1. Binning at 10 angstrom from zero up to the longest distance, how are the C-alpha pair distances of the chain distributed in percent?
2. At what distance in nm do the modelled label points of Asn37 and Asp23 sit from each other, each positioned 7 Å from its Cα along Cα→Cβ?
3. Counting other Cβ atoms within 10 Å of each Cβ, which GluC sites (Glu not before Pro) in region 30-122 have at most 11 and sit in a DSSP loop?
4. Using a simple spin-label model with points 7 Å from Cα along the Cα→Cβ vector, what separation in nm is obtained for Met102 and Arg56?
5. Specify the angular offset, from 0 to 90 degrees and rounded to the nearest 10, of the alpha carbon long axis of helix 22-38 from the longest principal axis of the alpha carbons in the chain.
6. Note down the relative contact order for region 40-114 as a percent, whole number, built from C-alpha pairs under 8 angstrom at least six residues apart.
7. Between Gln7 and Met83, what is 0.36 nm times their sequence separation minus the Cα-Cα distance? Round to one decimal in nm.
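Read-outs throughout are calculated quantities, based only on the coordinates presented, and are distinct from any laboratory measurement. No experiment lies behind these values; they were computed from the predicted model shown. Cβ placement follows ideal geometry from the backbone for every residue including glycine, while neighbour counts extend to all protein chains displayed.
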Amino acid sequence: MTMTMEQQRARSAWRCSAGQPSDYATLAKKLPALIMNSGLMQTLAFLEDKNQGHHRALSSHLRRWLQERFPELFQSAEYVGFMESLMRARPEQFQDVTAEAMAWLRWVRQLAPTRANGEGSR
């Protein structure tokens, strides 16, 4: 069965948000505005700098999703290599990656509150 891109994003968001604390859902709701105001790389750096599990988890989930979607650009979802790849990206690639991050986050914003700490697993 072939899934649409929206279904793939939803499936990823559903899986990533399962069992996460409610802080993960709250952060996911704020992230698109942060990306719009500060940029994708600055937002990823902010998430990485925080010493809180939900920041790092959301950053890792987002990087993994983007690495899956753009394997030609990202050899790995590991923070340093990911950021270096973004720095080398052509402007149109960078725009595509940012747009995909926003599209994936739309699903996380909607699904994460229903999945916090295992809720919605019934």
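1. 14, 47, 33, 6, 0
2. Inter-label distance under the simple model: 2.0 nm.
3. Details: sites: Glu48, Glu68, Glu72, Glu78, Glu84, Glu92, Glu100, Glu119; in loops: Glu72, Glu78, Glu119.
Of the GluC sites (Glu not before Pro), the ones in loops of region 30-122 whose Cβ has at most 11 other Cβ atoms within 10 Å are Glu72.
4. Label at Met102, label at Arg56, 3.0 nm between them.
5. 30
6. Once normalised by length, the contact order is 23 percent.
7. Gain on extension, Gln7 to Met83, equals 24.7 nm.
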